[in-house]
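Bear in mind that the values in this text are calculations on the coordinates, not laboratory data. Nothing here was measured: the structure is a model prediction, and the numbers come from that model. No Cβ is skipped: glycine too gets one built from the backbone with ideal geometry, and neighbour counts run over all protein chains shown.
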Amino acid sequence: MLRFITSRFLQSLVALFLVISATFFMVRFVPGGPFTAEKAVTPEILRNLEAHYGLDKPLWRQYLDYLGSLAQGDLGPSFKYPNRTVNEILLDKLPVSAELGLLSLGVALVLGITLGTIAAVRRNSWADYMASSFGMIGISVPTFVVGPLLVLVAAIHLGWFNASGWYTPMDRVLPALVLGIAYAAPISRLTRGGMLEVLHQDFIRTARAKGASEFRVVTRHALRGGLLPVVSYLGPAVAGILTGSFVIETIFQIPGIGREFVNSAFNRDYTLVLGTVILYAVLIMALNLVVDVVQAWMNPKVRLDA
Amino acid sequence: MNAASSPNPPLDARATPLAEPLEKGNSLWHDAWLRLRKNKLAYFGLWTVGIITIACVVGPFLSPYGYEEQDLDLGAAGPNAKHWLGTDTLGRDLLVRLLFGGRVSLAVGLAATFVALTIGVVYGAVAGFFGGKRDAFMMRAVDIMYSLPFPIFVILLMVFFGRNIILLFVAIGAVEWLTMARIVRSQVMAVKKMEFIEAARSLGFGRRRIIFRHILPNILGPIIVYTTLTIPAVMLLEAFLSFLGLGVQPPMSSWGVLIKDGAEKMEEFWWLLVFPGFTFSLTLFSLNFLGDGLRDALDVRSSKD
């Protein structure tokens, strides 16, 4: 197990290094710099600005400098927000996005697993068809259609929620629901498939024969095996929720990292772009690692030598 | 057999004995077609996609309005006899913009899928055919790329290199090939051990000929199924980018652009969001059902879920 974790960890480090390097050079080789938008910058001031941020040094030097300070956890100063470091900006926005992500993941798991389990247990009943249709609708109707429609109905016409903002607990409901439903759909389909396979197996018959109630059979015996496909889907799901929050944060005007990222790319705020990409990459890889370990723990059949 | 109406028919439906006697010489593809027709939802999806595509291609020619033709005096009007789906705030006819946008969305979907298909099939076939260390290295690279935040790179590309539509589908295609490569690899590995490949080898055919002339035609089923399922994924990504203002740019139209516009103005002009949102969702819905139906009809083991 330890060997498995170490090898996955090293693999993630390699990938992370690739991400950082690719982003660093991609950002530098594009037309336009962070100060081109500013009007009336004299060549002198521009030189000073570039010297201040170390942009006058050769590229390889900048790259090594960046890696050096990154190793100490310093993501550098922001180019567009004077006097603020990227670390500060990200720390400021991270809690908002993390809260949105966790709430959405909660909605996705609870809704998806419940629906999928009901569909599998009551196979070919109306409940199954309802759950399956929900799955297909959730997969086909994108968040940026569901989101605005829900706002139109629940916020503007019925007045139950605010159409945008991130102040009261009620403001969390619509964004988390919209993002969560999108991932509840595939989770319900995976749960249904996994549960159908498990429910046919002998140990389930044994549990039933021993007189365990149907509820207990499903929740205690079948779910652990039936949820395996869901666990392997969690890595992509979490990555999707992270990037999906770009859209949700735009629709609901939530001050999170997703909106900040899109803005920073438009502003060519090199360090902020890099910092955000690194943060996303670290998050996604760490979560993938956790998922791999959980999967190995849940299913001894998953080979650990990878 | 009535299970055909569910998106996930039970296993026994896949082994449907065919009604026709064998003397009629049904080909594999003919059998698949018969099975597909029995699956009501997939058949519905096929028709819907067909009708929407034809409407998008032909429709704009039949309309008296142009997709960027403004009527500022009229402004935003609800659906009426002259403008069936209403007009937007610049007085542009929504129906014609919807159909024209459909062309763009479908074209991006097809082109980007073609890019993904080409990269994925070649990569997967090479890895699967050669096996061994080369395969291990190639697939480990795919594993690593799977864990990268690709949509973020697509966003960066679109921001930095201008919102160029060619770049858009190349970038999307470059993101979506990974799963295709995995599927093709596992199929190639299964097929390459079969006897007819051995026969081709002993006839002295080159590797390239064996891969492209002998192996690939035999794994066409899974490739077709996964291609059908990639198209909606790609269209979704295009609309996602356009929604963020990074994809297709107005006054050009695409379903993503229209939904973005509709979401901004829905408070007063609901039709601007509802019609594009419905059309887009219906198309994705149909393509997904068609892909699922094809998977069952071609008897491809569920490799995606």
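Of the chymotrypsin sites (Phe, Trp or Tyr not before Pro) found in the stretch B:197-305, the ones in coil according to DSSP and having at most 15 other Cβ atoms within 10 Å of their Cβ are B:F205. Looking at the stretch A:165-261, the trypsin sites (Lys or Arg not before Pro) that sit in a DSSP loop and have at most 10 other Cβ atoms within 10 Å of their own Cβ are A:K210. Over the stretch B:23-169, one equal point on each Cα, no solvent: what is log10 I(q)/I(0) by the Debye formula at q = 0.14, 0.17 Å⁻¹? Each listed q corresponds, in turn, to -1.00, -1.11.
Could you calculate the FRET efficiency of A:L67 with B:L34 from 1/(1 + (r/R0)^6), where r is the beta carbon distance between them and R0 is 60 Å, rounded to 0.05? E(calc), rounded to 0.05, equals 0.50. Exposed loop sites here are chymotrypsin sites (Phe, Trp or Tyr not before Pro) assigned a DSSP state other than H, G, I, E or B and surrounded by at most 12 other beta carbons within 10 Å; excluding them, the longest clear run of chain A is A:168-306.
Per residue, how big is the convex hull around the C-alpha atoms of the stretch A:217-290? Give it to me in cubic angstrom, could you?
Working: hull volume 7.5 nm³, N = 74.
In the stretch A:217-290, the Cα hull volume divided by residue count equals 101 Å³.
When chain A is treated as a Gaussian network with alpha carbon springs shorter than 10 Å, the biggest mean-square fluctuation among A:T168, A:T114, A:T143 belongs to A:T168.
At q = 0.15, 0.18 Å⁻¹ the log10 of I(q)/I(0) for the stretch A:164-282 amounts to -0.79, -0.94, computed by Debye summation with a single uniform scatterer per C-alpha, solvent ignored.
When the chain is fully extended, how far beyond the present Cα-Cα distance does A:V293 get from A:L10, taking 0.36 nm per residue of separation? Could you put the intermediate results ahead of the total?
On the way: separation 283, 0.36 × 283 = 101.88 nm, distance 1.44 nm.
Separation in residues times 0.36 nm, less the Cα-Cα distance, equals 100.4 nm.
The ellipsoid that matches the Cα gyration tensor of the protein assembly as shown has semi-axes, each √(5λ) in whole angstrom, of 39, 33, 28, with the longest given first. The loop-placed trypsin sites (Lys or Arg not before Pro) in the stretch B:87-126, going by DSSP, include none that has at most 16 neighbouring Cβ atoms within 10 Å of its Cβ.
Based on every Cα atom in the stretch A:71-172, Rg and the maximum pairwise Cα distance Dmax equal 19.9, 62 Å.
Would you calculate the convex hull of the Cα atoms in the stretch B:173-284 and tell me its volume per residue in Å³? Before the final figure, lay out the partial values.
Values: hull volume 12.5 nm³, N = 112.
Here the figure is 111 Å³ per residue.
What's the extension gain from B:E267 to B:N164 if we count 0.36 nm per residue and subtract their Cα-Cα distance?
Values: separation 103, 0.36 × 103 = 37.08 nm, distance 3.10 nm.
Working it through step by step, the gained length comes to 34.0 nm.
Quote the Stokes-Einstein diffusion coefficient, in whole µm² s⁻¹, for the stretch A:1-160, based on the Kirkwood radius over alpha carbon pairs, a temperature of 4 °C and a viscosity of 1.567 mPa s. Before the final figure, lay out each step's value.
Details: Rh = 21.5 Å.
Stokes-Einstein gives a translational diffusion coefficient of 60 µm²/s.
Evaluate 2.2 N^0.38 Å with N set to the residue count of chain A, then give the Cα radius of gyration divided by it. Intermediate results must be reported in sequence, preceding the final value.
Working: Rg = 23.8 Å, N = 306, 2.2 N^0.38 = 19.4 Å.
So the Cα radius of gyration is 1.23 times the expected 2.2 N^0.38 Å.
Working from label points 7 Å from Cα in the Cα-to-Cβ sense, the B:V57 to A:L18 distance is 3.9 nm. Working note: Karplus 6.51/-1.76/1.60 with θ = phi - 60° gives the stretch A:153-163 the couplings 7, 7, 9, 7, 7, 8, x, 6, 10, 7, 6 Hz, where Gly and Pro are set to x.
Compactness ratio of the stretch A:104-243: Cα Rg over 2.2 N^0.38 Å, N = residue count?
Details: Rg = 17.3 Å, N = 140, 2.2 N^0.38 = 14.4 Å.
This ratio for the stretch A:104-243 stands at 1.20.
The smallest convex shape that holds all Cα atoms of the stretch B:121-191, its convex hull, gives 80 Å³ per residue.
For A:G76, nonlocal amide neighbours, meaning residues 5 or more places apart or on other chains whose placed amide H falls under 5 Å from its own, are A:V86, A:N87.
Shape summary of chain B, radius of gyration then Dmax from alpha carbon positions: 22.5, 76 Å.
Working note: 222 nm ellipticity from helices only, DSSP H runs with n ≥ 4, each -39,500 (n - 2.57), summed and divided by the residues of the protein assembly as shown, gives -23000 deg cm²/dmol to the nearest 500.
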